[in-house]
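Each value in this text was obtained by applying a stated rule to the coordinates, not by laboratory testing. Predicted model only: the values in this text are computed from it and were never measured. Every residue, glycine among them, receives a Cβ derived from its backbone with ideal geometry; neighbour counts consider all protein chains shown.
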C-alpha cells in the first residue's frame, strides 16, 4: 500500500469518474464534455482544479477507464466497463460529489422566489390599483398609449408571479438519479435571469 499522501486540493480519480457518470445521467447523453465534468465537481474551468480535472480525464483515458469520442468537433468522454466496475467497488463515492448543477439551480431559484414573492405581489397590487383608477377616470381618461404601457407592465408582473409560484410550490426537488426534465412551457419560469424589472420602464 502506498504511503504517499494525496494533496488536500487534489480531486480523487473515483470522484471524477462519479462526476462523469452523474453528468451523463443529467445530460441524457452517454458522452459528456470536459466542462460538464468540471461543473459537476464545482471546479471552475480556468482554475487550478479545473485544469487538474482536464489532466486527470486524459490520464484516466490513457489507462482505459474513459473512452474518448468527438461530437460536433468537441471532445467528449464515456465511462468504460472497467470504470463502471471500479465505481461499484467504491460505495458512497456519488454522495461525496458536490451539489449537482440541476439541484443548485432548483435551490437558488427557490431561495430567490422566497425573497421576491412578496415584492412581486405588492407591485402587482399597485398596478391593478392603477388599472382600476384608469377605468374610473372621468375628467382625463387614459389614452391608448397609457393602456398599452399598463398592459405591458401587467403582463410582466403576472408572469413573474407565475415564475415565483412555480419555483416555490410546483417545482419538485430534483433527484441526482436522473435529469430534471423541463418542458418548453415551464423552462422560462425557472430562469431567474428573466425576473428583472428593467423592461417595465
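Kindly rank 13-22, 28-37 from highest to lowest mean number of other beta carbons found within 10 Å of each residue.
13-22, 28-37
Could you work out the helix-only [θ] at 222 nm for the chain, with each DSSP H run of four or more residues adding -39,500 (n - 2.57) and the total divided by the number of residues, to the nearest 500 deg cm²/dmol? Intermediate values should be presented prior to the final figure.
Values: 7 runs with 107 residues, N = 201.
Calculated mean residue ellipticity at 222 nm is -17500 deg cm²/dmol.
Under the definition of Cα pairs under 8 Å and six or more residues apart, what whole-number percent is the relative contact order of the chain?
Relative contact order comes out at 22 percent.
Which one is right for this structure if Rg and Dmax of the Cα atoms in Å is calculated from it: (i) 18.5, 65; (ii) 16.7, 55; (iii) 24.3, 91?
(iii)
Sort 53, 128 by Cβ crowding within 10 Å, fewest neighbours at the top. Please report the intermediate quantities before stating the final value.
Values: 53 24, 128 14.
So the residues, fewest neighbours to most, are 128, 53.
In what sequence, highest mean first, do 188-196, 76-84 appear when ranked by Cβ atoms within 10 angstrom? Show your work: numbers first, answer last.
Values: 188-196: 14.3, 76-84: 17.7.
Order by mean packing, descending: 76-84, 188-196.
Would you mind ranking 72, 26, 40 by Cβ crowding within 10 Å, fewest neighbours first? Write out the running numbers ahead of the final one.
On the way: 72 6, 26 22, 40 28.
Ascending number of Cβ neighbours within 10 Å: 72, 26, 40.
Which whole-angstrom value gives the distance between the alpha carbon centres of region 119-135 and region 176-190?
31
Could you give the angle, 0 to 90 degrees to the nearest 10, between helix 101-136's Cα long axis and the longest principal axis of the Cα atoms of the chain?
10
Taking the mean number of other Cβ atoms within 10 Å as a proxy for protection, how do you rank 65-71, 43-49 from highest to lowest? Numbers along the way, then the final one.
Values: 65-71: 15.4, 43-49: 13.1.
The most tightly packed comes first, giving 65-71, 43-49.
Fewest Cβ neighbours within 10 Å first, please rank 122, 182 accordingly. Before the final figure, lay out each step's value.
Details: 122 11, 182 15.
The most exposed by this proxy come first: 122, 182.
For region 13-96, what does the equivalent ellipsoid look like in terms of its semi-axes, each the square root of 5 times an eigenvalue of the Cα gyration tensor, given largest first in whole Å? Each step should come with its number before you reach the end.
Details: eigenvalues 60, 46, 32 Å².
Ellipsoid half-lengths, sorted descending, are 17, 15, 13 Å.
Using the alpha-carbon atoms, what tilt in degrees (0 to 90, nearest 10) does helix 13-27 show relative to the longest principal axis of the chain?
So the helix axis and the longest Cα principal axis differ by about 40 degrees.
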